[in-house]
Amino acid sequence: MDQQTDDGALYNWTQLIYALHALSLLVGIVGVATIIGAFLTGWPSLIAVILNYIKRSEVRVTWLESHIRWQIRTFWYGVLWVGLCAVFIVLTLGIGLLIVWLPLGIVAVWFIYRVARGWLALRERRPMYA
């Protein structure tokens with residue numbers, strides 16, 4: 001397989017991964033799940049993260065590597081922030097529920113932003129920068 005064909009296939013894989021993340025967000029927006037719940041535990045997003053790790057070695061030293069890294073970081077930083085919110089609720093003996101919706105709402109908007117910004121950059125064939 002030549003380099004051009006290989007880049008096209010990897011580009012299509014990266015498109016698919018963004019589409020899976022976007023599907024999870026859509027499920028969270030229109031379904032009974034929350035945006036955060038659907039993104040972190042929904043099957044489309046979990047499949048996307050697994051595909052990120054499977055394809056990561058194939059995109060090394062290409063412009064697509066930044067997109068795979070962007071997607072992986074979006075998922076794991078989301079897990080971190082939601083985990084910190086959960087710890088806050090536990091440490092405040094549940095009283096934190098009164099205010100934790102604010103950072104969780106910010107995380108939900110951040111997920112939408114990261115998927116949209118990354119996918120638009122991919123469509124324009126631009127690498128992602130932190």
- prompt: Tell me, what is the percent relative contact order of the chain, built from C-alpha pairs under 8 Å that lie six or more residues apart?
  reply: 28 percent
message: Using a 7 Å offset from the Cα along the Cα-to-Cβ direction at both THR41 and GLU58, what is the distance between the two label points in nm, to one decimal?
response: 3.1 nm
query: trypsin sites (Lys or Arg not before Pro) within region 40-130: which are DSSP loop residues with at most 13 other Cβ atoms inside 10 Å?
result: ARG60, ARG125
message: Suppose every Lys and Arg Cβ carries +1 and every Asp and Glu Cβ carries -1, with no other charges. What dipole size does region 53-130 come out with about its Cα centre, to the nearest 20 debye?
response: 340 debye
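Rule-based calculations on the coordinates, nothing more; no lab input. Because the structure is a prediction, the values reported are computed rather than measured. A quick note on method: Cβ atoms are made from the backbone with ideal geometry, for glycine too, and the neighbour counts reach across all protein chains shown.
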